[in-house]
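Comments concern the structure below.
Bear in mind that the values in this text are calculations on the coordinates, not laboratory data. It should be emphasised that the depicted structure is a prediction, and the values quoted were computed from it without experimental measurement. Using ideal geometry, Cβ is built from the backbone for each residue, glycine included, and neighbour counts are taken over all protein chains shown.
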Amino acid sequence: MSEIWGINYERIGKEKEFASGIYELLQQEKASQSEAIKRAKKLDDLHKEQNLPYHKENPTSLVYELVEFLNENLRE
């Protein structure tokens, strides 16, 4: 992210101003939420096939489940 957006992500990436605008930055870059979810599910499935304990799955994140839940329940 540092290279893509020309920032020092380690220094400002967790700041409120940056974090509150990250969704808009991703939209400007034409990032695809649905493609990100597909990739995350594919990685999650791979870890399940390997039968690894969660703490040994690297990289891993189940944030896609939260995003799906929010998409289903927070529609305008």
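List of remarks:
- Lysines whose Cα lies under 30 Å from that of Lys56, excluding same-chain neighbours fewer than 8 positions away: Lys14, Lys38, Lys41, Lys42, Lys48
- Rounded to two decimals, the Cα-based Rg/Rh of the stretch 33-73, with Kirkwood Rh, is 1.01.
- Working note: Cα gyration tensor of the chain, eigenvalues times five, square-rooted, sorted largest first, giving semi-axes of 26, 18, 12 Å.
- ³J(HN,Hα), Karplus 6.51/-1.76/1.60, whole Hz, each residue of the stretch 34-42, x for Gly, Pro: 5, 5, 5, 5, 4, 5, 5, 5, 4
- Shown in residue order for the stretch 20-31 are the 3J(HN,Hα) couplings computed by the Karplus curve 6.51 cos²θ - 1.76 cosθ + 1.60 at θ = phi - 60°: 6, x, 5, 4, 5, 4, 5, 5, 5, 7, 6, 5 Hz (x for Gly and Pro).
- Selection of trypsin sites (Lys or Arg not before Pro), the stretch 2-76, meeting DSSP coil and at most 10 other Cβ within 10 Å: Lys14, Lys30, Arg75
- Each residue of the stretch 52-65 was assigned a 3J(HN,Hα) from its phi angle through the Karplus expression (A = 6.51, B = -1.76, C = 1.60, θ = phi - 60°), giving 8, x, 3, 5, 9, 7, 9, x, 8, 6, 10, 4, 4, 5 Hz with x at Gly and Pro.
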